[in-house]
Amino acid sequence: MSEWASRMSGIVDGHVHPGGPDTVAALLSLCEATGIDRMGLVAIQNPEAGAGLPGALYAKALHPERFYVFAGLNHAGIRGHDPIHASSNWDRVPESLSLAEQAEAFVAMGCDGIKMIEGKPTSRQRMDVPVTDPYFADYWSRVEELGLPIVWHVNDPEEFWDPEKTPGWAKERNWGYGPQDVQKEELYAEVDETLRRHPKLKVIFAHFYFLSADLPRATRFLDEHPNVCFDLAPGVEMLYNISRDPEAGREFFIRHASRIVFGTDLSAGMSNEPGVYRAGIVFRWLESDDEFRMPDGADFLLGPPEDGIVRGLSLPDDALTAIYRGNLTRLAGPEPKPLNVPRVIEECNRLASIAAALSGKPAADTEAAQVAQRLAQ
Ligand SMILES: [Zn+2]
């Protein structure tokens, strides 16, 4: 394999990581090279750097028809716990908003949804607050009322808890966990409780909710929670797991075609060649009946070719249309929402001053301040 293009058009990728304001051209170039028409930018915030969300908003400001923005939360204001990107300066952030207020601010700015990483064990290492904690209570109620879709990363592959089985590329990122860390079933139980309290939440669980090794359980979960979906951003283990029984995989995908959202985990920092490989692997898995391995030029997180064989699912066009476009546009709207630029500038300035309070560095140096300044011109 070298390059593999989709036979479909109008593809929306629900899981792309944005970069700073200077990476917008790289995102457009990835669209062009991969044949992806629109991108959902999942914008995880780094409160200390004032980064993560502003770059995504800037991309949407320049190309409003092209980019959906799923905005990540800023935990700088949390009281009584160390915030994400631990800092002892949390009591010096007077401009912080509650999580519910942040959700409202996202809507006011014209964001299309929310990105959550709270539920990835590394995130829990930084901020040991379960999503069932009172800290999140008003937020969940507000998001449920607003009907905002959430792209939510919960858990990781089970191999990451077993040092013998953790892949080298994951170890290098410190994605290996032990008995001192939160356990996989604890994280699932917290999600179950959250969905029990807030059954109307519209969640797209990233990376197939890490249930690809157990399709009967994945089916039960989807059947019990009619408002949730899974995305297909690799997690290369997802392709290998489902390839063990491609017939069962195909049946699952056809039966649940309205609950599966295409995603690649492309990122703005990625050059076109690995980007084309990454998207092509997912296209080829969904569309062909080929047996193939990861190509040599694939990015680090897909692992080496010898790790396994992928068997194509050969899905029919109506299932592909739902997965490539219909499901995300049903949840987030047929077009990305229009951006309210004055509100974006205001929010970026607020994020810049939070970053300055946390880091002690000048607000003007942050991505947030740079985006505010460019948009004000
Ligand atoms: Zn991702």
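Read-outs: derived from the displayed coordinates by stated rules, not from any lab. Owing to the predicted nature of the structure, the values given are computational and were not obtained by experimental measurement. Counting neighbours? That spans all protein chains shown, and the Cβs are built from the backbone with ideal geometry, glycine included.
May I ask you to derive the relative contact order of the chain, considering only C-alpha pairs under 8 Å and at least 6 residues apart, and to give it as an integer percent? Display every interim value, and only then the final one.
On the way: 742 pairs, mean separation 89.2, N = 377.
The value is 24 percent.
By how many degrees, between 0 and 90 and to the nearest 10, does the Cα long axis of helix 341-359 differ from the longest principal axis of the chain?
Its long axis makes an angle of about 80 degrees.
Please work out the Kirkwood hydrodynamic radius for segment 12-376, using every pair of different C-alpha atoms, and report it in angstroms with one decimal place. Can you show the working numbers first?
Details: mean 1/r = 0.0482 Å⁻¹.
For segment 12-376, the Kirkwood estimate is 20.7 Å.
Helix 272-287 sits at what angle to the longest principal axis of the chain, using alpha carbons and giving 0 to 90 degrees rounded to 10?
So the inclination is approximately 50 degrees.
With a point put 7 Å past each Cα toward its Cβ, work out how far residue 162 is from residue 335 in nm, to one decimal.
Between residue 162 and residue 335, the simple spin-label model gives 5.0 nm.
Note the angle between two axes, namely the Cα long axis of helix 246-255 and the longest principal axis of the Cα atoms of the chain, as a number of degrees from 0 to 90, rounded to the nearest 10.
Rounded to the nearest ten degrees, it is 60.
Gain in length, residue 5 to residue 193, computed as 0.36 nm per residue apart minus the alpha-carbon separation, to one decimal in nm? Please list the in-between numbers first.
Working: separation 188, 0.36 × 188 = 67.68 nm, distance 4.06 nm.
Extra length available between residue 5 and residue 193 comes to 63.6 nm.
Taking a threshold of 32 Å on the Cα-Cα distance, which of the pairs 60/361; 171/200; 115/184; 184/337; 165/200 fall above it? Can you show the working numbers first?
Numbers: 60/361 27 Å; 171/200 36 Å; 115/184 20 Å; 184/337 35 Å; 165/200 37 Å.
Checking Cα-Cα distances, 171/200; 184/337; 165/200 exceed 32 Å.
Considering the Cα positions of segment 302-377, please state its Rg to one decimal place and its Dmax as a whole number of Å.
21.4, 55
Treating only the Cβ atoms of Lys and Arg (+1) and Asp and Glu (-1) as charged, compute the dipole magnitude of segment 25-174 about its Cα centre; round to the nearest 20 debye. Kindly include the intermediate steps, with their values, before the conclusion.
Values: 13 positive and 22 negative charges, 67 e Å.
With only Lys, Arg, Asp and Glu charged at Cβ, the dipole is about 320 debye.
Under unit Cβ charges (Lys, Arg +1; Asp, Glu -1), what dipole magnitude, rounded to 20 debye, does segment 12-376 have relative to its Cα centre?
Details: 35 positive and 55 negative charges, 171 e Å.
Using Cβ point charges on Lys, Arg, Asp and Glu, segment 12-376 gives about 820 debye.
Hey, if you put +1 on the Cβ of every Lys and Arg and -1 on every Asp and Glu Cβ in the chain, which of 17, 301, 315 ends up farthest toward the positive end of that dipole?
Of the options given, the answer is 17.
For the chain, what does -39500 (n - 2.57) per DSSP helix run (n ≥ 4), summed and divided by total residues, give at 222 nm, in deg cm²/dmol to the nearest 500?
Calculated from helices alone, the mean residue ellipticity at 222 nm is -11500 deg cm²/dmol.
Under a plain spin-label model, where a point goes 7 Å from the Cα along Cα-to-Cβ, how far apart in nm are residue 306 and residue 25?
4.0 nm
So if we plug the beta-carbon distance of residue 317 and residue 200 into 1/(1 + (r/R0)^6) with R0 = 35 Å, what FRET efficiency do we get, rounded to 0.05? Show your work: numbers first, answer last.
Details: r = 31 Å, r/R0 = 0.89.
Calculated value: 0.65.
Which one, 280, 331, 211, projects farthest toward the positive side of the charge dipole computed for the chain from Cβ point charges (K/R +1, D/E -1)?
Among 280, 331, 211, the one farthest towards the positive end of the dipole of the chain is 331.
Can you work out the PRE-style zone for residue 224? Point 7 Å along Cα to Cβ, and I want the residues of segment 148-188 with backbone N under 11 Å.
Only 188 pass the distance filter.
Can you give me the long-range amide H partners of residue 13? Hydrogens built in the peptide plane at 1.01 Å from N, cutoff under 5 Å, separation of 5 or more residues or another chain.
37, 38, 39, 40
Could you tell me the distance between the Cα centroids of segment 24-81 and segment 129-160, to the nearest Å?
19 Å
Return the FRET efficiency for the residue pair residue 108, residue 141: r is the Cβ-Cβ distance, R0 is 25 Å, and the value is rounded to the nearest 0.05. All intermediate terms of the calculation are to be shown ahead of the outcome.
Values: r = 18 Å, r/R0 = 0.72.
In this case the efficiency is close to 0.90.
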